[in-house]
Structures are given as structure tokens and as C-alpha cells.
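Written out below as C-alpha cells is the structure these notes cover.
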Amino acid sequence: MHLKTNDIVEVITGDDRGLRGKILTIDREAGKVVVEGVNRVYKHVKRSQKNPQGGRLSKEMPVRISNVLLFCSRCNKPTRTGSRPAADGSKERFCRKCEAGMGQLSPAKTKEK
Ligand SMILES: [Zn+2]
């Protein structure tokens, strides 16, 4: 998957299907992402020095990367992405539906793993 933090993704399966949000963190080893507003759980917190008010705290829990797709603003839909070499030798990400470029994946002249 060619996802980066701050990407806008849409959830394609599960309870939050159709929700769209920004990627806050990516855990590549676990294959999970935390998306703003998605898979939010509420935690009851006792009053403490850190939380003088106590009450409920909401926190997004990670979701599997395979449950989200990058959102293409041109298609106005979640989409699968590919990567292709750009003119300057860098790699760019693109929408497989409309072929629109969706940002650089690696800078020019770096070795591929
Ligand atoms: Zn597109």
C-alpha cells in the first residue's frame, strides 16, 4: 500500500464503512493505520491531575490498512493506487481509475528497496 500520513482515506469495510478521514499514524509492521474520526472508542477517565475534569475521552484505534483506500479527489471516490516513475526519476503514486498523480512516493535518484 502506498499510504502516507495526512492522506485522506475512506473506510471500505466494517462498521465505519464510508467514513473518510486523515491518516494520523501508520504502523507498517502491524499493517494498521489510525485515521482521524474512524474507529473511535470512548474511555471513561477518572478525575486526575492530568484530567481534572474526568469524563469521557475519545481515541481513535488503529484499523487494518486493507480496510481503507486512498481517496481520489478527482474521481471523488476511494481508489486503488499504483506507482509509476515520474519524468525526473522519482516515483509517484497515481489513481488507477483516472490516472491522476497523487503525490511523490520517493524522491529522485534514491535506490528502491
Ligand atoms: Zn482518480
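The values are calculated or read from the model by the stated rules, or taken from the named source; none is laboratory data. What you see is a predicted model; the values in this text were computed from it and never measured. In this analysis, Cβ positions are derived from the backbone assuming ideal geometry, glycine residues included, and neighbour counts consider all displayed protein chains. Protein only, heavy atoms only, side chains kept; ligands, DNA and RNA dropped before computing areas. Shrake-Rupley method; radii C 1.70, N 1.55, O 1.52, S 1.80 Å.
Of all residues in the stretch 32-60, those satisfying the criterion of being under 27 Å from residue 74 (Cα atoms) and either hydroxyl-bearing (Ser, Thr, Tyr) or touching a residue at least 24 places away in the same chain (Cβ under 8 Å) (or both) are 32, 33, 34, 35, 36, 38, 39.
Listed here are the residues, each with its yes/no results for (1) within 16 Å of the ligand (Cβ to nearest atom); (2) among the small types (Gly, Ala, Ser); (3) more than 18 Å from residue 105 (Cα to Cα).
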{"position": "34", "(1), (2), (3)": "no, no, yes"}
{"position": "55", "(1), (2), (3)": "no, yes, yes"}
{"position": "60", "(1), (2), (3)": "no, no, yes"}
{"position": "74", "(1), (2), (3)": "yes, no, yes"}
{"position": "77", "(1), (2), (3)": "yes, no, yes"}
{"position": "82", "(1), (2), (3)": "yes, yes, no"}
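For the stretch 1-55, a residue qualifies if it is part of a loop (DSSP other than H, G, I, E, B) and among the charged types (D, E, K, R), and the qualifying residues are 4, 7, 15, 16, 17, 28, 29, 36, 46, 47, 50. Meeting the requirement of 3 or more residues that are touching a strand residue (DSSP E or B) at 6+ places or on another chain (Cβ under 7 Å) and at pLDDT 85 or above, the strands (runs of 3 or more DSSP E) wholly within the stretch 71-111 are 81-85, 91-95, 101-106.
Note on the stretch 101-110: residues that are in contact with an Asp or Glu (Cβ under 7 Å, 6 or more places away or on another chain) and within 11 Å of the ligand (Cβ to nearest atom) total 1.
Can you name every residue in the stretch 84-100 that is free of Cβ contacts under 8 Å to residues at least 40 places away in the same chain and either open to solvent by 50 Å² or more (accessible area, probe 1.4 Å) or more than 10 Å from the ligand (Cβ to nearest atom) (or both)?
84, 85, 86, 87, 88, 89, 90, 91, 92, 96, 97, 99
Screening the candidates 107, 78 for the property of being within 15 Å of the chain's Cα centre (by Cα) and closer than 22 Å to residue 5 by Cβ yields one hit, 78.
Of everything in the stretch 56-70 that is hydrophobic (A, V, I, L, M, F, W, C) and not in a loop (DSSP other than H, G, I, E, B), the residue that is nearest to residue 11 (Cα to Cα) is 68. Return a yes/no flag: does the stretch 63-83 have any residue that is surrounded by fewer than 16 Cβ atoms within 10 Å (Cβ to Cβ), of a type in the set (A, V, I, L, M, F, W, C) and touching a Lys or Arg at 6+ places or on another chain (Cβ under 7 Å). Within the stretch 63-83, one or more residues are surrounded by fewer than 16 Cβ atoms within 10 Å (Cβ to Cβ), of a type in the set (A, V, I, L, M, F, W, C) and touching a Lys or Arg at 6+ places or on another chain (Cβ under 7 Å).
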